[in-house]
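Student: Sharing a structure here in structure tokens format.
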Amino acid sequence: MQITTISISGFGQFRGVRLEPAPGLTVIRGPNEAGKTTLLAFIRAILFGFETDRYPALAGGRRGGWLEVAMQDGRRFRIERYGERGGAGSLKVYDQAGTDLGDGQLTALLQGVEKKVYRNIFAFGLEELTEFGRLTDAEVAARIYGAGAGTGSVSGLDVEKELGSQREALFKPGGQNPTINALLRSLEDVDAQLRERNLPAEYGEAGRRLAAVEATLAELTERHAALAAERRTRQRIVAGWQDWLDLCQARADRELLGAVRTFPTSTLERLGRLEAAVEETAGALRHAEVARDRAAADLAAAAVDEDAMAHRAELEALREASTRHVARRAERARTERELAAAAAAVESAMARLGPDWTVERVAAFDDSVAVYSEIET
């Protein structure tokens with residue numbers, strides 16, 4: 001991973017600073033307090049997080065910024081981190097398209113390099129150099145060895161000594177107390193016990209016991225199924241017991257009623273017609289009652305003419321005469337209709353006989369049997 005752009009928003013004495021290291025080796029020089037160590041601390045902060053109460057944005061701006069890095073395969077990423085206090089702050093990793101890949105992408109970009117390894121191998125400052133200056137050649141080698149292993153200032157020799165102690169605590173040739181030695185003795189005891197046992201015979205006995213247990217299990221399963229079926233039957237009986245009692249009571253009540261006659265289909269049809277007729281008659285009755293009530297109301301509202309009541313017999317005679325007169329008029333109208341129909345029939349018959357025929361000629365015509373026979377001859 002190569003850093004191609006450094007952009008500082010606010011960090012220590014820096015504000016709005018942008019650097020683009022040249023390919024290859026880039027040397028940044030300046031007098032004391034020029035900000036070389038601050039720049040190194042900024043890169044560490046963007047990659048691994050901020051140190052508490054160190055390098056606040058003294059010149060203003062937002063504490064933090066971003067780094068643009070290029071990978072060996074040509075991919076470019078932008079690592080952006082801001083925070084007012086110590087710790088991770090707000091971290092974002094963008095690809096070339098500007099998509100936020102999440103803070104987990106930074107671990108992949110660093111390829112497993114942790115903060116301690118980076119500080120001691122790739123980016124150490126004056127404090128680390130001062131500490132190195134007080135070390136011997138062997139101590140420097142051990143320090144570099146420890147830094148490469150990610151142990152910081154711990155000597156590699158001390159690490160080897162500690163590992164040796166831990167190894168002896170786990171296993172020591174001829175020892176009794178180490179953990180692995182105790183496990184080996186336990187394994188030997190188990191092997192001895194296995195050698196004393198007749199495993200084929202035990203296996204055969206276990207097989208016979210298994211067959212017996214399986215047979216017992218099959219028998220119990222069959223018995224369980226039978227009991228379950230019996231249980232379901234009895235549950236149905238219990239559930240229907242009240243219905244059965246009600247049925248028995250209904251049958252007893254029916255026996256008390258005796259034989260029940262059945263009706264033929266024609267009787268039922270006749271009953272239906274009679275019911276319809278009853279309904280129709282009831283409707284007519286209702287209409288008649290309404291007419292009766294109306295007539296009664298009219299009668300109650302009518303005024304009695306005393307003069308007319310004195311001539312009641314004469315009025316009734318006139319009413320009967322009027323009734324006969326109306327009947328004679330109807331009879332006369334009927335007779336006139338019949339006469340008109342007969343005249344039309346005579347006129348039609350005259351037309352069929354010919355133009356010379358009249359009613360008088362027909363009336364004078366001899367219709368005796370002799371003439372009729374002569375006409376037929």
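The values are calculated or read from the model by the stated rules, or taken from the named source; none is laboratory data. Predicted, not measured: the structure shown is a model, and the values here were computed from it. Quick reminder, even Gly has a Cβ in these numbers, built from the backbone with ideal geometry, and neighbours come from all protein chains shown. Areas reflect the complete protein model, heavy atoms only, side chains present, ligands, DNA and RNA absent. Shrake-Rupley method; radii C 1.70, N 1.55, O 1.52, S 1.80 Å.
Student: I want to check the label-to-label distance for Arg209 and Val113. Put each point 7 Å from Cα in the C-beta direction and report it in nm to one decimal.
Tutor: 6.5 nm
Student: Hey, what's segment 164-208 come to in accessible area per residue, 1.4 Å probe, Å²?
Tutor: Values: 3840 Å² over 45 residues.
On a per-residue basis, 85 Å².
Student: Treat each spin label as a single point 7 Å out from the Cα along the C-beta direction, and report the Glu331 to Leu285 distance in nm.
Tutor: In this crude label model, Glu331 to Leu285 measures out at 4.1 nm.
Student: Cross-link partners among lysines for Lys172, C-alpha distance below 29 Å, same-chain residues fewer than 8 apart left out?
Tutor: Lys161
Student: Okay, moving on. Given the options Ala321, Thr281, Ala297, identify the residue whose Cα lies farthest towards the positive end of the charge dipole of segment 274-338 (+1 on Cβ of Lys, Arg; -1 on Cβ of Asp, Glu).
Tutor: Projecting each Cα onto the dipole axis, the largest value belongs to Ala321.
Student: Give the accessible area for Trp357 in Å² (nearest 10); use a 1.4 Å probe, count only protein heavy atoms, and leave out ligands, DNA and RNA.
Tutor: Trp357 has an accessible surface of roughly 70 Å² with all protein chains in place.
Student: Please work out how much accessible surface Glu269 shows to a 1.4 Å probe, ignoring ligands, DNA and RNA, in Å² rounded to 10.
Tutor: Glu269 has an accessible surface of roughly 100 Å² with all protein chains in place.
Student: Here is a further query. Hey, got the dipole for segment 162-276? About the Cα centre, +1 on K and R Cβ, -1 on D and E Cβ, debye to the nearest 20?
Tutor: Numbers: 17 positive and 18 negative charges, 120 e Å.
Using only the charged Cβ atoms, the result is roughly 580 debye.
Student: Here is a further query. For Leu256 and Gln166, calculate 0.36 nm times their separation in residues minus their Cα-Cα distance, and state this gained length in nm to one decimal.
Tutor: On the way: separation 90, 0.36 × 90 = 32.40 nm, distance 10.34 nm.
Taking 0.36 nm per residue and subtracting the Cα distance, the gain is 22.1 nm.
Student: Rounded to the nearest 10 Å², what accessible area does Asp307 show when all protein chains are kept and the probe is 1.4 Å?
Tutor: 110 Å²
Student: For segment 272-348, what is the accessible area per residue in Å², given a 1.4 Å probe and the full set of protein chains?
Tutor: 88 Å²
Student: Could you give the length gained on full extension between Glu320 and Glu20, defined as 0.36 nm per residue of separation minus the Cα-Cα distance, in nm? Could the numbers behind the result be given before it?
Tutor: On the way: separation 300, 0.36 × 300 = 108.00 nm, distance 13.98 nm.
Length gained, Glu320 through Glu20: 94.0 nm.
Student: So which aspartates and glutamates pass the test for Lys92, namely a Cα distance under 19 Å, with those fewer than 8 places away in the same chain ruled out?
Tutor: Those aspartates and glutamates meeting the cut-off are Glu51, Glu68, Glu80, Glu84, Asp100, Asp103, Glu114.
Student: Moving on. Between Arg292 and Thr37, what is the label-to-label distance in nm when each label sits 7 Å out along the Cα-to-Cβ direction?
Tutor: With each label point 7 Å from Cα toward Cβ, the separation is 13.0 nm.
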